[in-house]
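Working notes for the structure below.
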Amino acid sequence: MRYAYPANLEWEPDRSAVTVTFDDLPGATFGATEAEALARAEDLLETALSFCTDDGLPVPRPTPAKGRPIVFPRPLVAAKMALHDAMLAAGISNVELGQRLGLDEKSVRRLRDPLHRSHIGQVEAALRLLGKRLEVRVLEAG
């Protein structure tokens, strides 16, 4: 899955700030300019995605952008969301995956938590155990 969420930008009536929301996820952030608001939107996106792991819910699929700006989580966060969804789809608990990886439940919980710093290699190893392959692409900006 591509974790690329279109952002809704809405100016305050007096044009003093622009608010950013996502159709698919809770929360909002703002900025004095569109660029500032979109820069803050990455943090909002990652925090909103963390609610999925906290609540044990699948990550919502992004709606079509239809010309709206797209906000991406950092690559590690996208990998963690893929791990979270793969575990839900396979019906594998943190404890069971931890046993397969030689980790405790708390360590696996952290591997799924987008707000916790982890090593990408550990997330990749967990994905491999679930029959998934992590792929990273570098594209032109813009």
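Over region 86-142, average the accessible area per residue using a 1.4 Å probe and give it in Å², no decimals.
Computed with neighbouring chains in place, this is 72 Å² per residue.
Ordered by packing density, taken as the mean number of other Cβ atoms within 10 Å over each peptide's residues, highest first, how do 67-76, 33-42, 132-141, 81-90 rank?
Output ranking for 67-76, 33-42, 132-141, 81-90: 81-90, 33-42, 67-76, 132-141.
With all distinct Cα pairs included, what does the Kirkwood hydrodynamic radius of region 1-64 come out to in Å, to one decimal, could you say?
Every distinct Cα pair counted, the radius reaches 12.3 Å.
Tell me, what is a quarter of the convex hull surface for the C-alpha atoms of region 62-142, in nm² with one decimal?
Reported value for the Cα convex hull: 6.3 nm².
Which one of ALA4, PRO62, SER118 is farthest out on the positive end of the charge dipole of the chain, using unit charges on Cβ (Lys, Arg +1; Asp, Glu -1) and the Cα centre as origin?
SER118
Need the full-extension length gain, VAL138 to ALA90, defined as separation in residues times 0.36 nm minus the C-alpha distance. One decimal, nm.
Net length gain for the segment: 14.4 nm.
Probe radius 1.4 Å, ligands and nucleic acids ignored: give me the carbon and sulfur share of the accessible area of the chain as a rounded percent.
Carbon-and-sulfur percentage of accessible area, whole number: 52.
What does the extension gain come out to for ARG61 and ALA35, with contour length at 0.36 nm per residue minus their alpha carbon separation?
Contour length minus the Cα-Cα distance gives 6.9 nm.
For ARG117 and LEU101 in one chain, what is 0.36 nm times their gap in residues minus the Cα-Cα distance, to one decimal in nm?
So the extension gain works out to 4.0 nm.
With N set to the number of residues, divide the alpha-carbon radius of gyration of the chain by 2.2 N^0.38 Å and report two decimals.
Here the Cα radius of gyration is 1.14 times the empirical estimate.
Can you give the helix-only mean residue ellipticity at 222 nm for the chain, where every DSSP H stretch with n ≥ 4 adds -39500 (n - 2.57) and the sum goes over all residues, rounded to the nearest 500 deg cm²/dmol?
The per-residue figure over the chain is -14000 deg cm²/dmol.
The values are calculated or read from the model by the stated rules, or taken from the named source; none is laboratory data. Predicted, not measured: the structure shown is a model, and the values here were computed from it. Glycine also receives a Cβ, built like all others from the backbone with ideal geometry; neighbour counts cover every protein chain displayed. Please note that ligands, DNA and RNA were not included when accessible areas were found on the heavy atoms of the full protein model with its side chains. Shrake-Rupley method; radii C 1.70, N 1.55, O 1.52, S 1.80 Å.
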